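Here's the structure, in structure tokens; my notes come after.
Every number in this text was worked out from the coordinates using simple rules, so none of it is lab data. In this text, all values refer to a predicted model and were calculated from it rather than measured experimentally. We place every Cβ from the backbone using ideal geometry, glycine too, and count neighbours over all the protein chains shown.
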Amino acid sequence: MYRWIVFLHVFSAFVYILAHGVQAAVMLKLRSEADPERSLMLFNALDGTRLQRYTLALVVVTGLIAGFMGRYWGRGWMWTALVLLVVIAVVMRRYGSGYYDLVEGAANRAIAEQKSQASLEAFAVARAAWRPVGVTEIGIGGLAAMIWLMMFKPF
Amino acid sequence: MDLYRWIVFLHVLGSFGFMLAHGASASAAFRLRRERDLERIRALLDLSASSGIVLYVSLLVLLGAGIAAGFMGRYWGRGWIWASLAVLIALMLAMWVSGSSYYHRVRKAVGLEYMEGSKPHPPVDPASAEEIDALLASSPALFLALIGGGGLVVLVWLMMFKPF
């Protein structure tokens, strides 16, 4: 039974990452999209987050159950992985979602001001914010650290 | 240092990278079924193509590390590793035959650069709204999701349980 729970945990983690991929792609694509109207079109790709929420819930629940079944709650790696997951989720929500708001707001202002020079410059500044690169680095680094903790169970 | 475990770690990391990069295409495939605005269709297709390099690099990492781990763990005499390789190749072929060729037809229909066979082509005039509608209505997105999801279940099961 334990192996099947871990199987479900791994499978749901793969599906969660698949569902999350579109957000990462949109975020990185927004950086290079200089046309405000086209950048707003990219937000259309983000309209379905249900699969992501359900699979994240499944990842967490099966991880917690596997922790009890494997008697891992006394080990440091398990708690570290959980803390990492929470920290990454908070960073993603705060800075990742914040970037979408920043670009969307600047794009809407540029369109409202009929793409004036000043509004396009403000839009370019918003697009060039550090957040996509920073969030991507934290996300990939955090994912690698969590996989390492799960696979090596080092402490 | 246990090199084998690090190679498997790289294999798993490559697999996650592949899934992350594939997410844009998978999501765009479902979104395209409902979209009829030409510019929005173009934006979705461009988004879908934008993660291509990460996708192929991740695929190379997961394949290279998987093959190396197979040798290091002496698994090439076992059935599950050959079965998983066969499933991966079958999945890629199915995705290419049903997915890539279809989305290049859509790219052509909406006036974007496209591939025919292995030959790249410059944009041509967009097709009529009716033709685009018919093309998008015949989307293989659900079929691709079913075989992709089913294939992933089988692959993860083979890797974790090494049943034969």
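Assorted remarks:
- Projected area averaged over orientations for segment B:3-161, convex hull of C-alpha atoms, nm²: 9.6
- Fraction of the pair-distance distribution of segment B:78-163 above 16 Å, Cα-Cα pairs, percent: 62
- Overall form of segment A:16-81 per C-alpha gyration tensor (a/c, 1.5; a/b vs b/c): prolate
- Burial order of peptide ranges A:67-74, B:118-125 (average beta-carbon count within 10 Å, highest first): A:67-74, B:118-125
- Each Lys and Arg Cβ is given +1 and each Asp and Glu Cβ -1; about its Cα centre, the protein assembly as shown then shows a dipole of about 1280 debye.
- Principal-axis analysis of the Cα atoms of chain A puts helix A:97-112 at an angle of about 20° to the longest axis.
- Rounded if a/c under 1.5, otherwise prolate or oblate - segment A:55-155, Cα gyration tensor axes: prolate
- Taking every residue in B:150-163 and counting other chain Cβ atoms within 10 Å of its Cβ, the average works out to 2.
- In sequence order, calculated HN-Hα J values of segment B:88-104 (Karplus, 6.51, -1.76, 1.60; Hz; x Gly/Pro): 4, 5, 4, 4, 5, 5, 5, 5, 6, 5, 8, x, 4, 5, 5, 5, 6
- Across peptide B:14-22, the mean count of Cβ atoms from other chains lying within 10 Å of each residue's own Cβ comes to 6.
- Between amide H atoms placed 1.01 Å from N, distances below 5 Å from B:Y114 occur with B:H121, all of them 5 or more places distant or on a separate chain.
- C-alpha long axis of helix A:2-32 to longest principal axis of chain A, angle in °: 10
- Between segment A:49-75 and segment B:50-115, the alpha-carbon center distance in angstrom: 29
- Helix B:141-161 and the longest principal axis of the C-alpha atoms of chain B enclose an angle of approximately 10°.
- Segment B:76-153, dipole about Cα centre (Lys/Arg Cβ +1, Asp/Glu Cβ -1), debye to the nearest 20: 460
- Applying the Karplus relation 6.51 cos²θ - 1.76 cosθ + 1.60 with θ = phi - 60° to segment A:54-65 yields 3J(HN,Hα) values of 5, 6, 5, 4, 5, 4, 5, 4, 5, x, 5, 5 Hz, where x marks Gly and Pro.
- As a rough guide to protection, the peptides A:108-117, A:18-27 ranked by mean Cβ packing within 10 Å, highest first, stand as A:18-27, A:108-117.
- Normalised contact order of chain A, rounded percent, pairs of Cα under 8 Å and 6 or more residues apart: 32
- Cα shape, the protein assembly as shown, gyration tensor, a/c 1.5 rule: oblate
- The GNM of chain B, with springs linking C-alpha atoms under 10 angstrom apart, assigns the highest mean-square fluctuation among B:A28, B:A65, B:A129 to B:A129.
- About the Cα centre, charge dipole magnitude for segment B:3-161 (Lys/Arg +1, Asp/Glu -1 at Cβ), debye: 620
- For segment A:140-147, 3J(HN,Hα) computed residue by residue from phi via the Karplus equation (6.51, -1.76, 1.60; θ = phi - 60°) reads 5, x, x, 4, 4, 5, 5, 4 Hz, glycine and proline entered as x.
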